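One structure is given here, and the rest of the page talks about it.
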């Protein structure tokens with residue numbers, strides 16, 4: 001590969017440059033804050049009200065397969081892009097346009113209450129956004145001097161939290177009121193503006209010549225990063241995967257938890273408000289965590305952050321009022337913001353090769369995406385495994401829906417009355433306990449990373 005040059009080498013990055021570098025994270029997280037926290041759970045509940053947990057887990061897991069495969073291709077291809085726009089920005093542009101097309105499809109099929117076409121449109125969104133972010137993930141290792149990556153990661157975390165917060169707060173009331181068109185329009189506009197801020201505000205030095213072609217087999221071989229040669233990368237990958245497993249075991253089901261356990265009347269709106277408090281805490285700690293890690297080291301910040309979010313995930317199992325859940329959420333946000341701000345910097349510190357940053361960051365990105373294919377479906381299985389309310393409707397449903405029961409993890413439903421059977425509190429407690437274990441283990445195993453402070 002040709003030498004990768006940065007126009008910012010040897011310079012102190014300005015606030016404006018940091019904001020331009022991190023702007024697309026705002027747009028991307030605006031999208032996911034709206035979809036994952038509010039719109040996807042609400043729309044699937046409208047389409048499949050009697051099996052909302054199982055179908056939501058299914059949607060998360062199937063669409064995450066797209067997110068698992070696409071970065072491995074797009075990241076490596078962007079490494080070799082010789083466009084005069086640079087290696088990363090063309091992919092950010094075209095990936096965003098694809099995402100916008102998928103959002104239109106989701107809105108269209110949600111109005112028709114057809115689950116499978118809706119899921120297909122959601123997969124198009126996953127395709128577009130992962131093309132964009134796979135290339136975008138190489139921006140910090142490409143352009144930011146090493147001694148400023150913690151600060152850059154802090155800006156990334158800050159704008160990520162603000163984006164998620166904005167997406168959830170904008171879409172929550174709209175979804176509750178049935179104004180889906182407005183919610184999708186706001187998300188699409190926000191994503192587009194963030195894309196323009198990064199594409200037009202970031203400078204890249206194009207590759208001096210187009211690299212030679214590689215075969216599919218050569219590319220597949222290059223994706224393997226030998227953990228014996230790069231043990232620090234392997235351990236950071238594993239610990240991040242554990243943290244994301246814990247996170248995605250809980251996040252998709254917050255709206256249902258608030259309805260079934262806390263008993264709120266407007267779960268979509270309340271979920272967005274709860275997320276807002278969590279992200280306010282995360283935003284407050286993101287700048288501090290990133291800058292502090294440049295001084296005292298990444299690992300110390302991660303130990304404290306992961307320990308905090310693991311404890312808070314466990315405490316959620318014992319919450320019985322909205323006030324208790326919100327208080328736990330705020331503290332969780334403080335720990336999560338600090339973790340995210342350091343997580344990216346730690347990943348860039350242990351990359352095997354800066355020349356192949358797009359490919360290597362795509363492999364590292366799998367540590368976040370792979371848990372999305374496993375954790376939601378696993379959590380849905382665990383929720384359903386605790387049985388149903390002992391009533392006549394459940395017994396009738398058992399007889400009428402015997403074939404579906406062969407899958408072993410679908411909940412009994414009431415086909416006659418269309419009632420939504422609540423998952424019991426002990427089921428959510430089991431999910432939160434497993435999540436806390438994964439989050440804590442992610443901190444413990446980080447001590448095996450030797451090449452980072």
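Name the single residue that is modelled with the lowest pLDDT among those in region 366-386 being within 25 Å of residue 282 (Cβ to Cβ) and surrounded by fewer than 23 Cβ atoms within 10 Å (Cβ to Cβ).
Of the residues in region 366-386, the ones within 25 Å of residue 282 (Cβ to Cβ) are 366-376, 378-379.
Next, only the ones that are surrounded by fewer than 23 Cβ atoms within 10 Å (Cβ to Cβ) stay: 366-368, 370, 373-374, 378.
Details: 366: 81, 367: 83, 368: 79, 370: 82, 373: 74, 374: 82, 378: 84.
Within region 366-386, the match that is modelled with the lowest pLDDT is 373.
Surrounded by 17 or more Cβ atoms within 10 Å (Cβ to Cβ) and modelled with pLDDT of 85 or more - does that describe any residue in region 267-278?
Keep residues of region 267-278 that are surrounded by 17 or more Cβ atoms within 10 Å (Cβ to Cβ), which gives 267-278.
Filter once more, keeping what is modelled with pLDDT of 85 or more: none.
Within region 267-278 (the criterion being surrounded by 17 or more Cβ atoms within 10 Å (Cβ to Cβ) and modelled with pLDDT of 85 or more), the answer is no, since none of the residues qualifies.
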Going through region 321-354 in order, the residues found to be at pLDDT 85 or above and not in a helix (DSSP H, G or I) are 321
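Residue check: is residue 224 modelled with pLDDT of 85 or more and over 30 Å from residue 38 (Cβ atoms)? Let's see the steps before the verdict.
Working: modelled with pLDDT of 85 or more: no; over 30 Å from residue 38 (Cβ atoms): yes.
For residue 224, the condition - modelled with pLDDT of 85 or more and over 30 Å from residue 38 (Cβ atoms) - is not met.
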Within region 144-157, the count of residues that are over 15 Å from the mean Cα position of the chain (by Cα) and under 22 Å from residue 193 (Cα atoms) comes to 4
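Among the residues of region 98-110, is any at pLDDT below 85 and either within 30 Å of residue 145 (Cβ to Cβ) or part of a helix (DSSP H, G or I) (or both)? Walk me through it before giving the result.
Within region 98-110, the subset at pLDDT below 85 is 110.
Filter again for either within 30 Å of residue 145 (Cβ to Cβ) or part of a helix (DSSP H, G or I) (or both), leaving 110.
Yes, some residue in region 98-110 is at pLDDT below 85 and either within 30 Å of residue 145 (Cβ to Cβ) or part of a helix (DSSP H, G or I) (or both).
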- Message: Among the residues that make up region 242-252, is at least one of them farther than 18 Å from residue 313 by Cα and outside any loop (DSSP other than H, G, I, E, B)?
- Response: no
Residue check, residue 276 in a loop (DSSP other than H, G, I, E, B) and either within 17 Å of the chain's Cα centre (by Cα) or without any contact (Cβ under 8 Å) to a residue 40 or more places away in the chain (or both): no
Residue hits (region 102-123; exposed (fewer than 14 other Cβ atoms within 10 Å of the Cβ) and either without any contact (Cβ under 8 Å) to a residue 40 or more places away in the chain or touching a strand residue (DSSP E or B) at 6+ places or on another chain (Cβ under 6 Å) (or both)) are 112, 116
Okay, helices (runs of 4 or more DSSP H) sitting entirely in region 1-92 with 3 or more residues that are in contact with a helix residue (DSSP H, G or I) (Cβ under 8 Å, 6 or more places away or on another chain), at pLDDT below 80 and crowded, with 18+ Cβ neighbours inside 10 Å, I get 52-79
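The values are calculated or read from the model by the stated rules, or taken from the named source; none is laboratory data. Because the structure is a prediction, the values reported are computed rather than measured. Note that we place each Cβ from the backbone using ideal geometry, even for glycine, and neighbour counts take in every protein chain shown.
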